Amino acid sequence: MRIFFNTLTYFGDVVVSSGVLAHLIDRYPDARFTIACGEQPSVLFTEVPRLERLIPITKQPMRLHWWHVWWPAVTKRWDLVVDLKGSAAPYLLAAKRRLVFRPTRDTGGDRTLEWAHLMGLEQLPAPRIWTGARHEGAADRLLGDGRPLLALGPSANWAPKIWPGERFAELAVRLTAADGILPGARIVLLGTEADRELVSGLHENLPEDRMIDLFGKTDLLTAAAVLKRCDFFVGNDSGPHCLSIAAGIPGLGLMGPSRSLFGIDPPPAVAPWAPKAGLVYSTKSFDELTGGPDYDRHTVGNLMGFLSVDAAEEAAVALWRRCEGLDR
């Protein structure tokens with residue numbers, strides 16, 4: 001059996017859509033998969049079981065990137081084509097069955113629920129990221145022995161949504177204090193080497209003897225393996241935040257000038273596919289932060305100053321308490 005799975009371009013969307021792929025892998029244990037998705041997050045699928053081909057999508061003018069996606073596919077016959085983008089291209093493929101996303105009004109705009117209904121499910125399955133032995137081994141070597149572990153994702157792909165580094169440090173110190181939720185925990189920093197310049201005030205305000213600086217030391221799948229070993233995560237709306245959801249650990253996303261991963265705004269208190277995930281928003285809403293007449297996303301300064309350490313700590317403690325009854 002051959003299945004063609006076409007998902008989205010942006011990192012967070014790809015991670016969330018991995019729950020659909022996990023459902024297909026479990027439902028069709030003999031199927032071979034061809035997967036098309038955005039170039040940057042495509043690495044997340046390199047360890048997928050029974051992967052036949054991975055097609056990274058690099059956007060080009062006039063939608064010419066679709067030629068590179070669909071040309072390898074039109075020469076084959078597919079038992080099932082699943083398209084979460086809602087494009088017309090699946091109808092050009094020879095397939096016994098097609099499941100193509102089409103937005104409806106039945107879910108109030110919750111795309112994750114619409115994906116679930118497309119699969120004939122009541123709820124979207126939890127995201128899943130597949131890692132290999134080399135990623136798991138690397139995570140063990142980087143972390144060494146001992147828990148608890150608090151992971152931080154202090155950077156992001158857009159400077160205005162990066163919470164100030166000194167606030168991350170203050171929150172981490174509070175959460176790992178003797179009266180915090182993770183007393184004496186080591187603090188794991190996740191990001192690229194280039195992120196170091198974006199989070200000034202972080203390293204110098206963390207206890208050096210408990211800091212594990214992994215900036216530039218992990219690829220995406222090793223970062224996913226690292227997060228599976230952590231007890232709690234706090235980060236901006238970023239790749240590590242998405243990976244923490246797939247890792248199944250309690251994870252708090254710090255939100256400001258970006259939309260929620262949960263598909264609708266405001267998001268539900270708890271998404272069935274992310275029972276251990278939580279969000280905390282700045283005192284100014286998304287519309288207030290981005291809706292002004294002078295707003296220009298290319299020149300605007302940092303927009304996360306309206307989120308206090310006190311508010312983030314309160315949300316982190318509440319999430320920790322909420323997850324106490326869940327399997328950690």
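Multiplying the residue separation of D79 and E47 by 0.36 nm and removing their Cα-Cα distance gives an extension gain of 9.3 nm. Mind jotting down the distance between the C-alpha centroids of the range 1-50 and the range 193-217, whole Å? The range 193-217 and the range 1-50 have Cα centres spaced 32 Å from each other.
Between D26 and V173, the simple spin-label model (points 7 angstrom out along Cα→Cβ) gives 4.3 nm.
Ranked by the mean number of other Cβ atoms within 10 Å of their residues, highest first, the peptides 296-309, 123-136, 206-219 fall in the order 123-136, 206-219, 296-309.
Each of W158 and D145 was given a label point 7 Å from its Cα along the Cα-to-Cβ line. The distance between the two points is 4.5 nm. For the range 133-323, DSSP calls about 5 percent of its internal beta bridges antiparallel. Computed over every Cα-Cα pair of the range 88-144 and binned at 10 Å starting from 0, the pair-distance distribution P(r) comes out as 18, 28, 23, 20, 11, 0 percent. For the pair D294 and R98, label points projected 7 Å from Cα toward Cβ lie 5.0 nm apart. Computed extension gain for R321 through N205, at 0.36 nm per residue and net of the alpha carbon distance, reaches 39.1 nm. With 32 Å as the limit, write out which pairs from K161/K217; K76/K228; K161/K228; K96/K276 have Cα-Cα distances beyond it, or answer none. Cα-Cα > 32 Å for K76/K228; K96/K276; rest within.
For the listed peptides 76-83, 276-283, 3-10, a ranking on the average number of other beta carbons within 10 Å per residue, highest first, reads 3-10, 276-283, 76-83.
None of the figures in this text is laboratory data; all of them are computed from the coordinates on show. Everything numeric in this text was worked out from a predicted model, so none of it was measured. Cβ coordinates were reconstructed from backbone atoms using ideal geometry, including for glycine residues, and neighbour counts include every protein chain displayed.
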